Amino acid sequence: LIYLPDFYRNGGLIVFLLVAFGGILYSLGAIIYAIKWPNFSINWFGFHELFHAMTAAAFISHFIAAILVIVG
């Protein structure tokens, strides 16, 4: 949260939104993992898989933001 104004100032709105969205996904994934809910299907796709899906999506969001900053 401390660096979000710098991301906005130096990277623009898109970079700011990508970083904020990634942070939200990481946080929601952690909450889902902590409360162990929702458990759609114990055998196929439960809270643990949802946690991994959210962290992967957050990584992709941050990766795209970093590429946009590097490319310019």
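Screening the candidates His48, His62 for the property of being within 18 Å of the chain's Cα centre (by Cα) and over 25 Å from Phe7 (Cα atoms) yields one hit, His48.
Looking at the structure I just gave you, is Ile42 of a type in the set (Val, Ile, Thr) and modelled with pLDDT under 95? Before you say what the answer is, go through the steps one by one.
Numbers: of a type in the set (Val, Ile, Thr): yes; modelled with pLDDT under 95: yes.
Criteria met by Ile42.
The sole residue among Gly12, Gly23 that is at positive phi and in a helix (DSSP H, G or I) is Gly12. The number of residues in the stretch 13-23 that are without any contact (Cβ under 8 Å) to a residue 12 or more places away in the chain and surrounded by 10 or more Cβ atoms within 10 Å (Cβ to Cβ) comes to 1. Entry remark, the stretch 1-31: residues being within 16 Å of the chain's Cα centre (by Cα) and not aromatic (Phe, Trp, Tyr) number 17 in total. As for the stretch 28-38, it holds at least one residue that is outside any helix (DSSP H, G or I) and of a type outside the set (D, E, K, R).
Evaluate the stretch 34-49: report whether one residue or more is of a type in the set (Asp, Glu), over 20 Å from Gly72 (Cα atoms) and free of Cβ contacts under 8 Å to residues at least 60 places away in the same chain. Taking every residue of the stretch 34-49 in turn, at least one turns out to be of a type in the set (Asp, Glu), over 20 Å from Gly72 (Cα atoms) and free of Cβ contacts under 8 Å to residues at least 60 places away in the same chain.
The values are calculated or read from the model by the stated rules, or taken from the named source; none is laboratory data. Since the model is a prediction, treat every value here as computed from it, not as a measurement. Counting neighbours? That spans all protein chains shown, and the Cβs are built from the backbone with ideal geometry, glycine included.
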